[in-house]
1. Would you confirm, using the coordinates I've provided, whether Tyr103 is at pLDDT 95 or above, aromatic (Phe, Trp, Tyr) and more than 27 Å from Val363 (Cβ to Cβ)?
2. Conditions: (1) open to solvent by 50 Å² or more (accessible area, probe 1.4 Å); (2) at pLDDT below 95; (3) among the aliphatic types (A, V, I, L, M). Ala290 meets all but one. Number of the miss?
3. Looking at this structure, is Lys209 part of a helix (DSSP H, G or I), open to solvent by 50 Å² or more (accessible area, probe 1.4 Å), in contact (Cβ under 8 Å) with a residue 24 or more places away in the chain and more than 16 Å from ligand 1 (Cβ to nearest atom)?
4. Being under 22 Å from Lys76 (Cα atoms) and not hydrophobic (A, V, I, L, M, F, W, C) is the filter here, so list the residues in segment 143-164 that pass it.
5. What helices (runs of 4 or more DSSP H) lie completely within segment 252-351 and have 3 or more residues being under 25 Å from Thr101 (Cβ atoms) and touching a helix residue (DSSP H, G or I) at 6+ places or on another chain (Cβ under 7 Å)?
6. In this structure, is Ala6 touching a residue at least 40 places away in the same chain (Cβ under 8 Å) and surrounded by fewer than 17 Cβ atoms within 10 Å (Cβ to Cβ)?
7. Can you find a residue in segment 273-285 that is of a type in the set (A, V, I, L, M), open to solvent by 20 Å² or more (accessible area, probe 1.4 Å), over 19 Å from Pro337 (Cβ atoms) and in contact with a Leu (Cβ under 7 Å, 6 or more places away or on another chain)?
8. So Val194 clears everything in (1) closer than 23 Å to Ile354 by Cβ; (2) away from ligand 1 (no atom under 16 Å from the Cβ); (3) in contact with a Gly (Cβ under 6 Å, 6 or more places away or on another chain) except one condition, right? Which one?
Amino acid sequence: MQVQAAVLHAPQGALALETLALETPRDDEIRVRLVATGVCHTDIAMIGRPFPVQKPIVLGHEGAGIVESVGRSVTKVKPGDRVVMSYNFCGECPSCHDHATSYCHDFAGTNFVGLRKDGSAALSLGGQSVRHNFFGQSSFATHCLCTEKNVVKVPDEVSDQTFELLGPLGCGIQTGAGAVINVLKPQLGQSLVVFGAGAVGLAGVMAAKAIGVGILIAVDKVPQRLALARELGATHTIDVSQTPDVATQIKRITGHGAHFSLDTTGIPAVTRQALDALGPRGVCGFVGGAAVGAELAVDVRDMMIQGKTLRGIVEGDANADVFIPTLIQMHLQGLFPLEKLVRMYAFEQINEAIADSKSGATVKPILKFTTPTT
Ligand SMILES: [Zn+2]
Ligand SMILES: [Zn+2]
């Protein structure tokens, strides 16, 4: 069938809206008609860097849509189901067997190569293969293929208006919320500092507020984002552009240093601050995509004497089948006001949405697809 997709042809390039051919789903595949998709920083990183994805490719990995067609072996969803898509994994390695799918031994192969496992591409432009299957979906398109592994059915009680907000639960939002709820697990009244008040960091703030964190500090350099963090439940905010020693300031606010910190910036110097801001036995989680080969210097003696932990986290350790429905329930109960992070754009405005995300003007862009009239 013919689909419209935003194609990345070359590094740093604008995405080009083009008409491509998409194969019918194979036995294990599911075709989804996109209703909306988030734009994540990982999409933007793929545009800006020469690696790791090959081009041309269709990016996008926070898709929400309606199942149109399923392969013969698919039983998890059926045509007409509303679904959110998440990251992909092999299902066969030691991590996947242990239900730690975000640490799949073939995470890169299943999410970034842009082809099926057998090396084929289901998408083509003028007879030439175009890579897709980005995070098992490639949602910057009117239609995409996914599999049972990375598709989550959305409950019927969710309104169509709310459904349009849910794509980012599949990556950025579950990354921040999962880091707090699944990994750091602060107890009622303990303290948490979130570095970076973008979509991932603010998802962490919302999750922390929902589960009853005590002192909740957001750190950023953009005043509007810090104001939003306060609106979402941060008890304190620190503007790094006005604060020479962030770790000392956090120790002043918390008394002994924070119980937990979460760095969402991908900048090693910030991760170091997040580690320094901890009190004894504190745990620092970090989730941002640092540059390949980036190194972090730590005060080894301080870490040992204070019993601190530094923990890398992918996709919030989330099992999407469990965690996305949890976040949806939290949202429906008013505990997770996702809509406050979002600005909606038409799919055709994709390059503008990306520019607004990069500039910081928009925290979480969501692209809406026009409903077909046929
Ligand atoms: Zn695996
Ligand atoms: Zn992402």
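1. Numbers: at pLDDT 95 or above: yes; aromatic (Phe, Trp, Tyr): yes; more than 27 Å from Val363 (Cβ to Cβ): yes.
Against the criterion (at pLDDT 95 or above, aromatic (Phe, Trp, Tyr) and more than 27 Å from Val363 (Cβ to Cβ)), Tyr103 qualifies.
2. Of (1) open to solvent by 50 Å² or more (accessible area, probe 1.4 Å); (2) at pLDDT below 95; (3) among the aliphatic types (A, V, I, L, M), only one is false for Ala290: (1).
3. Values: part of a helix (DSSP H, G or I): yes; open to solvent by 50 Å² or more (accessible area, probe 1.4 Å): yes; in contact (Cβ under 8 Å) with a residue 24 or more places away in the chain: yes; more than 16 Å from ligand 1 (Cβ to nearest atom): yes.
Criteria met by Lys209.
4. Passing the criteria: His143, Thr147, Glu148, Lys149, Asn150, Lys153, Pro155, Asp156, Glu157, Ser159, Asp160, Glu164.
5. Working: elements: 268-276, 300-305, 320-332.
Output list reads 320-332.
6. Numbers: touching a residue at least 40 places away in the same chain (Cβ under 8 Å): yes; surrounded by fewer than 17 Cβ atoms within 10 Å (Cβ to Cβ): no.
The answer is no for Ala6.
7. Looking only at segment 273-285, we keep the residues that are of a type in the set (A, V, I, L, M), and these are 274-275, 277-278, 283.
Then drop every residue that is not open to solvent by 20 Å² or more (accessible area, probe 1.4 Å), which leaves 283.
Within this subset, residues satisfying the condition of being over 19 Å from Pro337 (Cβ atoms) are 283.
Still in the running and in contact with a Leu (Cβ under 7 Å, 6 or more places away or on another chain): 283.
Yes, there is a match, as at least one residue in segment 273-285 is of a type in the set (A, V, I, L, M), open to solvent by 20 Å² or more (accessible area, probe 1.4 Å), over 19 Å from Pro337 (Cβ atoms) and in contact with a Leu (Cβ under 7 Å, 6 or more places away or on another chain).
8. Result: Val194 passes all but (1).
The values are calculated or read from the model by the stated rules, or taken from the named source; none is laboratory data. Since this is a predicted model, take the numbers as computed values, not measurements. Note that we place each Cβ from the backbone using ideal geometry, even for glycine, and neighbour counts take in every protein chain shown. For accessibility, only protein heavy atoms count, side chains too; no ligands or nucleic acids. Shrake-Rupley method; radii C 1.70, N 1.55, O 1.52, S 1.80 Å.
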